[in-house]
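Where a number appears in this text, it was derived from the coordinates with a stated rule and is not lab data. Since the model is a prediction, treat every value here as computed from it, not as a measurement. Positions of Cβ are backbone-derived with ideal geometry, glycine not excepted, and every protein chain shown enters the neighbour counts.
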Amino acid sequence: MVSEHIASLQPIAWHEPRDSYDVVIIGGGGHGLSTAYYLATRHGITNVAVVEVDYIASGNTGRNTTIIRSNYAIPEAIRFYDHSRQLYAGLEAETGAAIFHRVKGHVWIAHTEMGMRTERGRVLMNQAMGVDTELLGPADVKRLVPQVDLTGAGRYAVLGASHHVPAATARHDRVAWAFASGASSRGVHLIQHRPVTGLLRDGDRVVGVETAAGPIRAGMVLSAVGGWVSQVAAMARIRLPVRTHPLHAFVTNDFEQGLDKIVASTELACYVSQTERGQMLIGAEFDSQPSFSRLSSFDALRSYAYKISALLPFLRSMRILRTWAGLCDISADFSPIMGETGVDGFLITTGWGTWGFKAIPAGGEAMAELIATGRTPGLIAPFGLDRFRHDLAMADQASAGTR
Amino acid sequence: MHELDCPRCGRRPLDEFTFGGERRPAPDWLTDPDDRDFDEVWVFENPAGITNERWFHSAGCRRWLTVRRDTNADRVVEIA
């Protein structure tokens, strides 16, 4: 098995940068790389550079908890994320790269009547949109997740759950490499360790980027930046409804018994799944105050461990092996912001907060179509930056599961 | 950041406080009234550096504090 996975690791081609491209993408994370990949594969546009401040997938793409699901609460989001889930399911076949994609099912536990109402609403909305999510009682939860403590350590009794059957996980850096390799083998340039310091302007139009190693001209610039998006947008005098909050995560030592499902809690805002290595991967809510600090905080780890072990008591005997934090671009309505910015030549994909990994294929596919055709695809039209001005915010905080 | 030094209550753990958001006027160069409305309702300055913000001591004296904080290090500079 392992040797097959190594054989399916495809090489990434590295090129000498040119001084001009049709498209320059700022940010070599999942969304930047998948946009480049779909530009090359769907639209034949390969004169493209992805400019990354660090190494590819060094930001939130390599720091998330790798969950792929479409059990959102509003139709626009369900449609978008379910398309992304389907693209993920076909990604290994399409790219030939192993991303360790595995369908597990997502059990979202509620502990109060309020939480049950949220999950009931989610199930009904999902089913109306043709997405396979069902309502569970406590006995069903115990059957699917035998390790669960239905009393919630005496504090957070399990009243029920929603079960999103097609939810999956995939290895996050493999996903980034699959898109990077697919793009670079078709001629896309990946430029690592190159901070973008400004934008080139011709009148009101953005015509390229200024970098620490000189300017790069571009027909179109896309910001696919995560935590530092407000700073990049400010270069184009664009002001965003986005705040940067750290989100922490950790893995434990191996759990031999195995946990088949992805388990999450509505009120406790924590979630756990098992990695392909057997480690338990745990995340919870983001820090209340915005910051750009990636230091793992003991308070966050203590809080996450307390909450998740109330649901799954076996975790009390496990050790935290590794901790990290990512910088989430949390939008004001907890939905992504994709498309035109009002500045010619400058597009944006941001507001990916704590929900961006699952959206990598669909977000990239839609942004590539917008760049190639000049028309915003219907799938992402509700998520434009101008929605806030028109009082059409896409409020879906409960579906983020991180607050 | 683990604690805030409340001027009335002294050093208390962060989870006694509720984050109230940054204090931020719309910038002068925004002159269009609709632009200013959008800015004041929705936009965050989100600076990587010093920010002025409000915190509510919800589990303490229940007063509002004004905190100057460096978001790069997530460290308090001054509390009033």
Exercise for review: Filter the trypsin sites (Lys or Arg not before Pro) in chain B to those in DSSP coil with at most 16 other Cβ atoms within 10 Å of their Cβ, and list the result.
Suggested key: B:8, B:23, B:62, B:63
Point to revise | Acute angle (nearest 10 degrees) that the helix A:172-184 long axis makes with the longest principal axis of chain A, alpha-carbon atoms | key: 20 degrees
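Tell me the mean residue ellipticity at 222 nm calculated for chain B from its helices only (DSSP H runs of n ≥ 4, each -39500 (n - 2.57), averaged over every residue, nearest 500). Numbers along the way, then the final one.
Values: 1 runs with 10 residues, N = 80.
After summing the helix terms and dividing by the residues of chain B, the value is -3500 deg cm²/dmol.
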Practice item. Normalising by the residue count of the stretch A:337-378, find the relative contact order in percent from Cα pairs under 8 Å and 6+ residues apart. Key: 30 percent
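List the trypsin sites (Lys or Arg not before Pro) within the stretch A:127-213 that DSSP assigns to loop and that have no more than 13 neighbouring Cβ atoms inside 10 Å.
Sites meeting the loop and neighbour criteria: A:155.
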Point to revise | Lys/Arg +1, Asp/Glu -1 at C-beta; chain A dipole; positive extreme among A:23, A:206, A:72 | key: A:72
Study note, to complete from the structure: Measuring from the longest principal axis of the C-alpha atoms of chain A, the long axis of helix A:298-311 (C-alpha) lies at a number of degrees, nearest 10, equal to 50 degrees
Check your understanding: Taking a Cβ-Cβ separation under 4.7 Å as the criterion for a possible partner, which cysteines of the protein assembly as shown have none?
Key -> A:270, A:328, B:61
Check your understanding: Cα axis of helix A:360-373 to longest principal axis of chain A: angle in degrees, 0 to 90, nearest 10?
Key -> 30 degrees
Review point. In sequence order, what are the phi-derived ³J(HN,Hα) couplings for the stretch A:144-161 according to the Karplus relation 6.51 cos²θ - 1.76 cosθ + 1.60 with θ = phi - 60°, rounded to whole Hz, with x for glycine and proline?
Key: 7, 10, x, 7, 6, 9, 5, 8, x, 6, x, 10, 10, 4, 7, 8, x, 6
Point to revise | Likely footprinting exposure, A:320, A:380, fewest C-beta neighbours within 10 Å first | key: A:320, A:380
Check your understanding: Considering only DSSP states other than H, G, I, E and B, which chymotrypsin sites (Phe, Trp or Tyr not before Pro) in the stretch A:1-58 qualify as loop sites with at most 16 other Cβ atoms within 10 Å?
Key -> A:14, A:55
Exercise for review: Calculate one ³J(HN,Hα) per residue across the stretch A:102-111 by plugging θ = phi - 60° into the Karplus curve 6.51 cos²θ - 1.76 cosθ + 1.60, and present them in order as whole Hz with x for glycine and proline.
Suggested key: 9, 7, 10, x, 10, 9, 10, 7, 10, 10
Check your understanding: With each pseudo-label sitting 7 Å past Cα toward Cβ, what's the residue B:26-residue A:321 distance in nm, one decimal?
Key -> 5.2 nm
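Taking neighbour counts of Cβ atoms within 10 Å as a proxy for exposure, in what order, fewest first, do A:6, A:282 appear? Walk me through the numbers on the way to the answer.
Numbers: A:6 8, A:282 27.
Fewest to most other Cβ atoms nearby, the residues stand as A:6, A:282.
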Practice item. May I ask you to derive the relative contact order of the stretch A:235-334, considering only C-alpha pairs under 8 Å and at least 6 residues apart, and to give it as an integer percent? Key: 42 percent
Revision key, fill the gap. Sequence order, the stretch A:386-403: Karplus ³J(HN,Hα) from phi using 6.51 cos²θ - 1.76 cosθ + 1.60, θ = phi - 60°, Hz rounded, Gly and Pro as x, gives 6, 4, 5, 4, 9, 6, 10, 4, 9, 5, 8, 5, 4, 7, 5, x, 10, 7
Practice item. Using only alpha carbon pairs under 8 Å that are at least six residues apart, calculate the relative contact order of chain A and give it in whole percent. Key: 23 percent
Practice item. Compute the distance in nm between two label points, each set 7 Å from the Cα along the Cα-to-Cβ direction, one at residue B:41 and one at residue A:139. Key: 5.0 nm
Check your understanding: Considering amide H positions built from the backbone, and no H for Pro or chain starts, which residues 5 or more places from residue A:152, or on another chain, come under 5 Å of its amide H?
Key -> A:158
